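S.K.: Quick one: this structure, given as structure tokens, is what I'll be asking you about.
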Amino acid sequence: MVIPIPKIEVQDLNVYFEKNHALKNVDINIEEKEITAIIGPSGCGKSTFIRCVNRMNDLVLGCTVKGSVTVDGKDIYGKGVDAVEVRKRIGMVFQRPNPFPKSIFENIAYAPRLHGFVDEEGKHHSYNKQQLKEVVEWSLKRAALWEEVSDRLDKSAYNLSGGQQQRLCIARALAIKPEIILFDEPCSALDPIATAKIEDLLIDLKKDYTVLIVTHNMQQAARVADRTAYFYLGELIEFGETKQIFERPEKDLTEQYITGRMG
Amino acid sequence: MATRLQFAHEMEELSKEVEEMGELARLAIEKAVKLIVTGDYYLKDEVRKLDKELYRNELMIERHCTDIIALYTPVASDLRRVSVSWKIIEDLSRIGRYAWDIAEIAEVFDGQKFKKLVSLPQMASQVVGMVPDSVDYYTTGNAVEARKLFDRDDEIDELYDTIFREMLTYMFEDPKKITIGIHYILIARYLERVADHACNIGERVVYMATGDRWDPADRKRKIPASKNGVEEYQREVAKSRKEPTRPTDVGDYHQHELAEK
């Protein structure tokens, strides 16, 4: 039997915001091409955890990260590792849609134009106009938005609805061909139909990407995730298959949270 | 502080409803047995009413379960309690139906009875005890006692075999008694089925309380504690699955069964 190597391996992760110990000794392995949901009450460290995976916490003053986070066996906090390079491989989508104040096309084309691409021989190239168009079309199609916006790519992204803006942000994240995508409560500002579209999209994205999603909506975790991790007061309480977590959680704390007895 | 007060209230109500239905099922089977023993035919109407009441309760609780799922999306132990409630009301309703079947037979007796019956009253009292117990284990979530229902069911099965032999003896002695003998066997059969339904409830309670889908058949297999023993156990299970099925020639089968009895 081949034991799969986890895509993301987190060992003994501790995060401090000055004196506040936000994450305590977190050990977790995230498998490749699966959706892993992170649930837990407010302030339990869900977002802090997910932000450690692409070094977003580096930007927070007074934040100290201890322990190791490895992606494909390489420590992303290692010496000489460029945080920007890490974030190119690990895309992120936030709670509120945050398109740039530019056209739909420019929103997607911005990062590819900036970063260019690396060919099979390892050479770095810039995108030409035609290639950029292709990347934009591919990204929008992959984010299930192409049909809705293909005739108005030059219009401002702000004209889109909330759900469309969120899918635009997903398309934007996909444009630089990441391997992992982090979602920090991607549906909390959306209505149920837009939410359902994003959920369908997440399941579709799983074929090609490793997905980590923080959600306050437990039913959403139950619907989309293969595995679910429950955090409480900065600790990883339970991590297991979603069905097991929602049908027979092993820990009392998990049970209390998901059944709504904790509040 | 506990949250979701309305939901907690609904769950409490559901448990109470199932408990009450369990009480009705106990009364039904108890009265049916009493009817056989005493021949008080007014009891038959009561059993009929209880049977109907049980059916009405089943529909009502089923609706309540659907409502809870639709409105509160229960998970974990709550989800297990709702799904188990939904399942066991069917068993309780079936128990009511068997009580009615027994009550109907009582009329056929019309005063004729075998004088010395040892096993049937014993079986009846044991079965009547299993029904409220199974519902108690549901209410308290007692998986340990729920598992033991299966041991009690083994005793019931043995008693059923004894009654079967006992009746055959009577019927051989006096062929005029064949009708009544067969009716007695039917009663024993119905009681045995009631015990099975109590066991079904027990099996569900184990799932409800532990989250494990426990297979009652495991109880008879020896599960060695040692690590090496696990393979042995798996082999045993695999072997038991491969065992050839019994020949299905119906005529031979019955002869064989009768000879055995």
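What follows draws every value from the coordinates through simple rules; no lab data is involved. Keep in mind it's a predicted model, so treat the numbers as computed, not measured. When we count neighbours, we look across all protein chains shown, and the Cβ atoms used for this are built from the backbone with ideal geometry, even at glycine.
S.K.: What per residue convex hull volume, in Å³, do the alpha-carbon atoms of the stretch B:71-166 yield?
M.R.: 112 Å³
S.K.: Would you kindly give the portion of the calculated P(r) for the stretch A:97-177 that falls above 21 Å, as a percent of all Cα pairs?
M.R.: Considering the stretch A:97-177, 22 percent of its Cα-Cα pairs are separated by more than 21 Å.
S.K.: Arrange the following residues from fewest to most other Cβ atoms within 10 Å of their Cβ: B:E23, A:E9.
M.R.: Fewest to most other Cβ atoms nearby, the residues stand as B:E23, A:E9.
S.K.: Which one, A:A111, A:P97, A:Q131, projects farthest toward the positive side of the charge dipole computed for the stretch A:97-177 from Cβ point charges (K/R +1, D/E -1)?
M.R.: Looking along the dipole axis, the top candidate is A:P97.
S.K.: Specify which residue in the list A:A194, A:T259, A:T210 is farthest towards the positive end of the charge dipole of the stretch A:131-263, using unit charges on the beta carbon of Lys, Arg (+1) and Asp, Glu (-1), about the Cα centre.
M.R.: A:A194
S.K.: With the Cα gyration tensor of the protein assembly as shown in hand, convert its eigenvalues to equivalent ellipsoid semi-axes via √(5λ) and list them largest first in whole Å.
M.R.: For the protein assembly as shown, the ellipsoid semi-axes come out as 65, 25, 22 Å.
S.K.: Report the relative contact order of the stretch A:97-177, percent, no decimals, based on alpha-carbon pairs under 8 angstrom and at least 6 residues apart.
M.R.: About 48 percent, as a whole number.
S.K.: Please state the relative contact order of chain A as a whole percent: Cα pairs under 8 Å, 6+ residues apart?
M.R.: Averaging sequence separation for qualifying contacts and normalising by length gives 27 percent for chain A.
S.K.: Could you calculate the FRET efficiency of A:S126 with B:T73 from 1/(1 + (r/R0)^6), where r is the beta carbon distance between them and R0 is 45 Å, rounded to 0.05?
M.R.: Computed FRET efficiency for A:S126 and B:T73 comes out at 0.35.
S.K.: Could you work out, residue by residue across A:252-260, how many beta carbons of other chains sit within 10 Å of that residue's beta carbon, and then give the average as an integer?
M.R.: Mean inter-chain Cβ contacts per residue within 10 Å come to 4.
S.K.: If you average the C-alpha positions of the stretch A:81-139 and of the stretch A:144-212 separately, how far apart do those two centres end up, in angstrom?
M.R.: 15 Å
S.K.: Moving on to the next point. Placing unit charges on C-beta atoms (Lys and Arg positive, Asp and Glu negative, everything else neutral), compute the dipole magnitude of the stretch A:97-177 about its Cα centre in debye, rounded to 20.
M.R.: Here the stretch A:97-177 has a charge dipole of around 200 debye.
S.K.: Among A:A222, B:V18, B:I68, which residue has its Cα positioned farthest towards the positive end of the charge dipole of the protein assembly as shown, with +1 placed on the Cβ of Lys and Arg, -1 on the Cβ of Asp and Glu, and the dipole taken about the Cα centre?
M.R.: A:A222
S.K.: Expressed as a rounded percentage, what relative contact order does the stretch B:1-120 have, with Cα pairs under 8 Å and six or more residues apart?
M.R.: 37 percent
S.K.: What Rg and what Dmax come out for the stretch A:1-64 when only alpha-carbon atoms are used, in angstroms?
M.R.: 13.2, 46
S.K.: Count the lysine pairs in the stretch B:55-181 whose Cα atoms lie under 18 Å apart, taking only pairs 8 or more positions apart in sequence or on different chains.
M.R.: 6
S.K.: How big is the charge dipole of the protein assembly as shown about its Cα centre, in debye rounded to the nearest 20, if each Lys and Arg gets +1 on its Cβ and each Asp and Glu gets -1 on its Cβ?
M.R.: In total the dipole reaches around 1480 debye.
S.K.: Rank these for me by crowding, A:H115, A:H125, going from fewest to most other beta carbons within 10 Å.
M.R.: With the sparsest Cβ surroundings first, the list reads A:H125, A:H115.
S.K.: In a Debye calculation with equal point scatterers on the alpha-carbon sites of chain A and no solvent, what is log10 I(q)/I(0) at q = 0.12, 0.13, 0.14 Å⁻¹?
M.R.: Summing over Cα pairs of chain A leads to -0.74, -0.87, -1.00.
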